[in-house]
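Note sheet for the following structure.
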Amino acid sequence: MLFTKFQGYGNDYLVFEAAELKGVGLSAGFERLGAGEPFVEFVRRVCDRHFGAGSDGVAVVEPLGGGEEGDFRLRIFNPDGGEAAMSGNGSRCAAAYLHYAGLWSAGELRFSTRGGVKRYRLRERMSEGAFRFEAEIGRPRFDSASIPMLTEEPLAEVREYPLALPCGETLRVTALQMCNPNCCAFVGDFEQVDWRRLGRAVESHMAFPERTNVEFIRVLDRRNIEARVWERGAGETLSSGTGASAAAVASMVGGHTDRHVKVSMPGGLLEVLWREDGEVLLTGEAEVVYRGEWLGEKAV
């Protein structure tokens, strides 16, 4: 099975064409895959950094007929085999693959995802295998039902919510649905906070029935923030597109920043604009790493 590995700010994805994966049980449509299904086990193996190719996830692209449903179907899978509604960096890697492989050349590309149709605009082809895109990520939702988040009573907005952790600590969080469930906490200094331990605890907290991505945010000024991400099903990541978007929007609704900010993560700098119509635009890069052939199918 042929694949191409791309990375966006250190957040790396293995991009497969759907036709390559029929042998490992990839089902059609957007239904969830069960934990014991062959494709789930395949994703776990291929993402493993010691026994597989190694990545933060798998992106699967499949051509569509155009029209309202989009140009390509895109499915994103986390290293644990779970399917995400969307990934900012993963989808950008998939868009870069289509241009790199010569499967798409127009300036705008539409992906049909579990989170709806997303538009990607090629802003710059920086080299043969490096691309810069502006993407419509979606409109954030803040009510507890949409996140989803279980609270004592339904909330129209989850901001500065005192989340009680199993260890006895209380973490004040701002939660939102930004393609995926996201839970954000503001910190003064990453070195003074054990954010990895807290991220692990919050990801699987009983308040989040679908688990959640966790972002820790340090505000620098009105147009710049720093973030660290503990991603659902992946753990610590160098970068996250939807995580950057969630961190930026949480900073905006909290009154900490303007509606156009740069988000610094260990892997690099992403740009987020929250338009007046509610749509979030994410601008960033993706670069090819290598092509490969997966030979471990018989062991799945």
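The values are calculated or read from the model by the stated rules, or taken from the named source; none is laboratory data. Fair warning: this is a prediction, and the values are worked out from it, not measured in the lab. With ideal geometry, Cβ positions are generated from the backbone for all residues, glycine too; neighbour counts draw on all protein chains shown.
Taken over segment 80-123, the residue count meeting the criterion of being under 19 Å from F3 (Cα atoms), within 12 Å of the chain's Cα centre (by Cα) and part of a loop (DSSP other than H, G, I, E, B) is 1.
Within segment 281-300, the set of residues being part of a strand (DSSP E or B) and either free of Cβ contacts under 8 Å to residues at least 12 places away in the same chain or under 22 Å from A156 (Cβ atoms) (or both) is empty.
Residue-by-condition table, conditions (1) on the phi < 0 side of the Ramachandran plot; (2) touching a residue at least 40 places away in the same chain (Cβ under 8 Å); (3) hydrophobic (A, V, I, L, M, F, W, C):
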{"site": "G241", "(1), (2), (3)": "yes, yes, no"}
{"site": "G255", "(1), (2), (3)": "no, no, no"}
{"site": "H260", "(1), (2), (3)": "yes, no, no"}
{"site": "E279", "(1), (2), (3)": "yes, yes, no"}
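Show the residue pairs meeting these rules: Cβ distance below 8 Å; 6+ apart or different chains; first residue within segment 61-75 and without any contact (Cβ under 8 Å) to a residue 60 or more places away in the chain; second residue among the small types (G, A, S) and crowded, with 23+ Cβ neighbours inside 10 Å. That search, which allows pairs on different chains as well, returns V61/A94; F72/A94; L74/A59; L74/S91; L74/A94; R75/A59.
Restricting attention to segment 265-274, the residues that are surrounded by fewer than 23 Cβ atoms within 10 Å (Cβ to Cβ) and within 16 Å of the chain's Cα centre (by Cα) add up to 5.
Total residues in segment 229-263 satisfying the condition of being crowded, with 24+ Cβ neighbours inside 10 Å and not in a loop (DSSP other than H, G, I, E, B): the figure is 16. Somewhere in segment 19-39, is a residue more than 26 Å from S204 (Cα to Cα), at pLDDT 90 or above and part of a strand (DSSP E or B)? For segment 19-39, residues more than 26 Å from S204 (Cα to Cα), at pLDDT 90 or above and part of a strand (DSSP E or B): absent. Of all residues in segment 80-102, those satisfying the criterion of being at pLDDT below 95, under 20 Å from V46 (Cβ atoms) and touching a Lys or Arg at 6+ places or on another chain (Cβ under 7 Å) are D80, G81, E83.
Quick check on segment 184-202. Is at least one of its residues outside any helix (DSSP H, G or I), closer than 30 Å to A96 by Cα and at pLDDT 95 or above?
Looking for residues that are outside any helix (DSSP H, G or I), closer than 30 Å to A96 by Cα and at pLDDT 95 or above, one finds at least one in segment 184-202, hence yes.
Can H205 be described as outside the structural domain of A85 (by TED's automatic domain parsing) and surrounded by fewer than 19 Cβ atoms within 10 Å (Cβ to Cβ)?
Judged against the criteria, H205 is not a match.
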